[in-house]
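S.K.: Handing you a structure now.
The values are calculated or read from the model by the stated rules, or taken from the named source; none is laboratory data. What you see is a predicted model, and the numbers here were worked out from it, not measured in a lab. Because the Cβ atoms are built from the backbone with ideal geometry, glycine has one as well, and the counts that use them run over all protein chains shown.
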Amino acid sequence: MSHEWGYDMAISRRGMLGAVVGCCFMANGVEAHSSPESAATPPSPRVTLQILGSGGPMHMGGRGTSAYLLWRATKPALVVDMGGDTPTALARAGVLPSQLAVLAISHMHPDHVSGLPDFFWGEMTARRSLPLKIIGPEAGDKFLSIDGLLDKLFSASGAFPDLASLVSGNEFRLNIRPTPGLRETVHDDMGLKIRALKVVHGRAPTIAYRVDVDGYVIVFAGDQTMSNPHFTEFASGADILVAHAIANRAVEGHALDKVVATPRSIGRTASEAKVGRLVLSHLIGTGPTTPDAQYWSLTHLPTVIADISEQFRGRVDVASDLVRYTLDPSR
């Protein structure tokens with residue numbers, strides 16, 4: 001999909017897709033409609049999830065690094081993850097400097113945090129004065145905590161000493177909230193409530209987020225194996241579950257299935273949690289001669305969707321960069 005456009009999908013409170021004039025596609029055997037609108041135009045007054053990036057390392061097909069933006073009316077309320085190209089995606093989505101109030105980081109792999117220096121450099125250059133809340137995991141198994149990472153990046157002895165005034169609080173106030181992910185509430189302000197759950201993603205301490213906003217629930221599963229026994233309850237009843245479909249069925253029995261979810265485990269979890277819609281993101285692929293190519297989701301995407309749909313009978317969408325899912329009670 002061209003990065004010059006966003007696509008809007010209107011979803012009713014009951015999870016049905018509203019028809020909007022535009023091109024149509026087939027997903028899970030159901031016809032859906034989408035309409036292109038300028039990605040730099042904020043969405044209308046509804047709760048909207050926008051996919052800033054739907055890919056991962058290697059960026060197969062030009063997909064951006066997986067990250068997500070939650071709009072409330074025309075205001076950006078939350079961003080989940082900050083990959084290297086996420087600041088550019090935010091600009092294309094119509095987010096201006098100083099507008100973002102809350103940033104949640106899932107874990108410390110580079111594709112989820114490498115955009116932080118660029119993002120903060122832009123906020124400082126724009127002379128941001130408003131506070132910013134940053135949520136992220138605690139340290140573990142040689143991985144830094146969110147506050148430890150910011151210190152390594154932006155302290156006077158860090159990688160970007162020119163940004164040292166950021167962590168000293170001289171630029172704008174940073175409210176840094178490391179979380180152990182024990183299903184606790186990590187943010188609750190003005191109708192936006194965020195809970196955190198630690199999930200399994202190899203050695204990396206990783207957090208899934210459940211967002212309750214204006215009567216809707218969106219769950220960001222993050223990179224994980226779906227093996228945390230509490231995750232199904234955590235995602236229960238979500239209007240949208242964003243799951244990272246990194247691998248295809250070939251990963252079953254391979255060491256990678258201790259790091260990422262299999263398609264069947266994604267489908268089973270979505271079914272047991274009774275979510276309204278499943279959005280597949282963090283799609284990975286590479287050239288056919290590259291080692292491990294046979295394991296990635298984009299190598300055999302039709303089988304990934306088929307394996308998930310065997311377990312989950314609800315709606316399954318494959319994310320694209322800048323696509324929007326609008327939760328609208330009037331439809």
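S.K.: Look at Leu149 and say whether it is modelled with pLDDT of 90 or more and not small (Gly, Ala, Ser). Show your work before the answer.
M.R.: Working: modelled with pLDDT of 90 or more: yes; not small (Gly, Ala, Ser): yes.
So Leu149 fits the description; yes.
S.K.: Of the residues that sit in region 256-289 and are free of Cβ contacts under 8 Å to residues at least 60 places away in the same chain and more than 20 Å from Ser227 (Cβ to Cβ), which one is surrounded by the fewest Cβ atoms within 10 Å (Cβ to Cβ)?
M.R.: Narrowing region 256-289 to residues free of Cβ contacts under 8 Å to residues at least 60 places away in the same chain: 256-275, 278, 280, 287-289.
Add one more test, that the residue is more than 20 Å from Ser227 (Cβ to Cβ), and what stays is 287-289.
Numbers: Gly287: 9, Pro288: 8, Thr289: 6.
Among them, the one singled out is Thr289.
S.K.: Residues that are part of a strand (DSSP E or B) and out of contact with any His (no Cβ under 9 Å at 6 or more places or on another chain): does region 164-175 have at least one?
M.R.: Step one: list which residues in region 164-175 are part of a strand (DSSP E or B), which gives 174-175.
Next cut, out of contact with any His (no Cβ under 9 Å at 6 or more places or on another chain) only: 174-175.
Taking every residue of region 164-175 in turn, at least one turns out to be part of a strand (DSSP E or B) and out of contact with any His (no Cβ under 9 Å at 6 or more places or on another chain).
S.K.: For region 196-212, which residues satisfy the criterion of being assigned to a strand (DSSP E or B) and crowded, with 20+ Cβ neighbours inside 10 Å? Break it down stepwise before answering.
M.R.: Initial filter on region 196-212 (assigned to a strand (DSSP E or B)): 196-199, 201, 203, 206-212.
Matches in region 196-212: Ala196, Leu197, Lys198, Val199, His201, Thr206, Ile207, Ala208, Tyr209, Arg210, Val211.
S.K.: Is it the case that some residue within region 107-126 is assigned to a strand (DSSP E or B), closer than 22 Å to Pro87 by Cα and among the hydrophobic types (A, V, I, L, M, F, W, C)? Break it down stepwise before answering.
M.R.: Of region 107-126, the ones assigned to a strand (DSSP E or B) are none.
No: region 107-126 contains no residue that is assigned to a strand (DSSP E or B), closer than 22 Å to Pro87 by Cα and among the hydrophobic types (A, V, I, L, M, F, W, C).
S.K.: Just to check your reading of the model, which residue among Phe172, Phe119 is touching a helix residue (DSSP H, G or I) at 6+ places or on another chain (Cβ under 6 Å) and without any contact (Cβ under 8 Å) to a residue 60 or more places away in the chain? Write out each step before concluding.
M.R.: On the way: Phe172 fails: touching a helix residue (DSSP H, G or I) at 6+ places or on another chain (Cβ under 6 Å).
Exactly one of Phe172, Phe119 is touching a helix residue (DSSP H, G or I) at 6+ places or on another chain (Cβ under 6 Å) and without any contact (Cβ under 8 Å) to a residue 60 or more places away in the chain, namely Phe119.
S.K.: Separate question: So which residues in region 132-148 are among the charged types (D, E, K, R) and either part of a loop (DSSP other than H, G, I, E, B) or within 15 Å of Pro87 (Cβ to Cβ) (or both)?
M.R.: First, pick out the residues of region 132-148 that are among the charged types (D, E, K, R): 133, 138, 141-142, 147.
Passing the criteria: Glu138, Asp141, Lys142.
S.K.: Which of the following residues is assigned to a loop (DSSP other than H, G, I, E, B), touching a residue at least 40 places away in the same chain (Cβ under 8 Å) and over 24 Å from the mean Cα position of the chain (by Cα): Ser157, Ser129?
M.R.: On the way: Ser157 fails: touching a residue at least 40 places away in the same chain (Cβ under 8 Å).
From the options Ser157, Ser129, the qualifying one is Ser129.
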